[in-house]
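Each reported figure results from applying straightforward, stated rules to the coordinates on display, with no laboratory input. Remember, predicted model here, so these are calculated numbers, not experimental data. Note: ideal-geometry Cβ built from the backbone for every residue, glycine included; neighbour counts use all protein chains shown.
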Amino acid sequence: MKATAQAPSNIAFIKYWGRKNETLRLPTNGSLSMNLSNLLTTTTVEFSPTLKEDSVLIDKQNIEREGKRVSEHLDRIRALAGINIKAKVVSSNSFPSGTGLSSSASGFAALTVAAVTAAGLSFSEKELAILARQGSGSACRSIPDGFVEWTDGDTSETSYAYSVHPPEYWDIVDIVVVVSQEKKDVPTSEGQTRVGTSPFALLRQDHMAEKLRLAKNFMSQKNFVAFGELLEREALEMHAVMLTSYPPLIYWTPGTLRLMKMITQWRASGIEVYFTINTGQDVHLICQQKNQEKVTTLLHELDFVKEIIGNYPAKGTRLIVQHLF
Ligand code: PMV
């Protein structure tokens, strides 16, 4: 059977950086995110007895390392379905991949839902999240709708994602700013394994549970300023761990820093806008919808900005009827 799924990427306000179990991808702490309406991956999967190997095309390219990760994920699904048939996978991103916009989150969420369906299985949202997590941790947060928590569990069954609020709950926007098309030189999965080398890792770990609790509180109060201050400090703290890991992880480029400084200035002039950054140079600007136009106009004045993608809170992963092949 052939199946196609569409998944949003997500931006974490409280982040996942470090694992307590590598094989199962169990994070050292819980995290909180929002699905992004305009960073989407669409993936079609078909299992076919005529294939000798899995065939994987992502954005029309056949990249060995990514193909291997996809095949390993298909193996998990084959084992659950009790089949041994190879698959054709075609995937397409609506945004640049590999520059820090979390294409692995939307990619593995779409792959999970499409492949599970194509294998003839029927899983609950929680089961899909648990499975997606094993492909790429943050992918589990792209399965449920809207604002999502990935629970801090010690077993595979207790480390899943669920919707804290639906997309329409809060009118906040993530304005994604692409500052260069360069691919990051250390992939996220590899970067995650260096966390323990930072002298700040344990310090950060000590207050992650409290930060997550606060973030959920501010979200339920819709206290945007407190929420924004917290998410920006959280991003800088995660990058402090990255910068002090060995070998160091420096994901920022000059454009990233220039933008961080501009945002601080805009805020001093009274605009409520905050930033967060993942493993890459691109910057996510978080503001309320009432300020989106003002912020976008300011961004258009900056010559180093390559692309601006406005995102609203979005639904999670869905099956769709238009196949890619
Ligand atoms: O799921 P991964 O292995 O791509 O890791 C995601 C890591 C961050 O984007 C930096 C943080 C997060 O929680 O999304």
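Okay, here's what the table says:
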| item | result |
| --- | --- |
| All Cα pairs of segment 91-247, percent lying beyond 20 Å | 61 percent |
| Orientation-averaged projected area, Cα convex hull of the chain (nm²) | 15.7 nm² |
| At 1.567 mPa s and 4 °C, Stokes diffusion of segment 257-311 via Kirkwood alpha-carbon radius, µm² per second | 112 µm²/s |
| Cα radius of gyration and Dmax for segment 154-278 (Å) | 16.3, 47 |
| For peptides 131-142, 27-38, 62-73, sequence by mean Cβ density within 10 Å, most packed first | 131-142, 27-38, 62-73 |
| Highest-MSF residue in the chain out of Leu231, Leu285, Leu302 [GNM, Cα springs under 10 Å] | Leu302 |
| Eligible aspartates and glutamates near Lys88 by straight Cα distance, threshold 17 Å, same-chain separation 8 or greater | Glu46, Glu53, Asp54, Asp59, Glu64, Glu66, Glu72, Asp75 |
| Subset of Lys15/Lys86; Lys20/Lys52; Lys211/Lys261; Lys68/Lys183; Lys20/Lys86 violating a 26 Å alpha-carbon distance limit | Lys15/Lys86; Lys20/Lys52; Lys20/Lys86 |
| Span-like helix ranges in the chain, DSSP H, alpha carbon extent 15 angstrom or more, Kyte mean at least -0.5 | 103-118, 125-135, 208-221, 224-243, 254-268 |
| Protection proxy ranking of 150-160, 196-206 - average other beta-carbon atoms within 10 Å, highest first | 150-160, 196-206 |
| Net lengthening on full extension, Glu210/Glu293 (0.36 nm per residue, minus Cα-Cα) | 26.5 nm |
| Whole-angstrom Cα spans of segment 156-212 along principal axes, big to small | 40, 36, 24 |
| 5 angstrom amide H check on Phe275, placed H, neighbours 5+ away | Ile286 |
| Which of Trp17, Trp252 has the fewest Cβ neighbours within 10 Å, and the rest in rising order | Trp252, Trp17 |
